[in-house]
1. Quick check on region 68-82: of everything there that is at pLDDT below 95 and closer than 26 Å to T33 by Cβ, which residue is surrounded by the most Cβ atoms within 10 Å (Cβ to Cβ)?
2. For residues in region 32-59 being without any contact (Cβ under 8 Å) to a residue 24 or more places away in the chain and part of a strand (DSSP E or B), which is surrounded by the most Cβ atoms within 10 Å (Cβ to Cβ)?
3. Give the residues of region 60-75 that are without any contact (Cβ under 8 Å) to a residue 40 or more places away in the chain, part of a strand (DSSP E or B) and out of contact with any Leu (no Cβ under 8 Å at 6 or more places or on another chain), sorted by residue number.
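The values are calculated or read from the model by the stated rules, or taken from the named source; none is laboratory data. Keep in mind that this is a model prediction, so the values were computed, not measured. Counting neighbours? That spans all protein chains shown, and the Cβs are built from the backbone with ideal geometry, glycine included.
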Amino acid sequence: MRPALLVLLPWLVVLATGCGSIQVVDRTPAGGTVALDGSHDAAEEKAEDYMRTACPFGYEVVSADETAIRFRCKAYGTDREKVSRTTPSSSIVRPES
């Protein structure tokens, strides 16, 4: 009886949590739209992972409903998301005079 429970347990977890997936409907450097399919919570989590990867400087949800999420990527260099791309002065080797 116990081996049967070990076989069924993963399937019960999948059925209890539901399966969700996403489909990228539109993608530009400025943002895009992700369609949600299946379990809303699971699909929304996958969409958030995708948006974090697609927008390394952050993203903003423009609109969202049960079927899709529209997002806009934050641009490099905005006041809140400024990232230094310069070489630290301590790593510059200067010849002695």
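1. It comes out as K74.
2. Going through the qualifying residues, I end up with D37.
3. Those that are without any contact (Cβ under 8 Å) to a residue 40 or more places away in the chain, part of a strand (DSSP E or B) and out of contact with any Leu (no Cβ under 8 Å at 6 or more places or on another chain): E60, V61, V62, S63, A64, R70.
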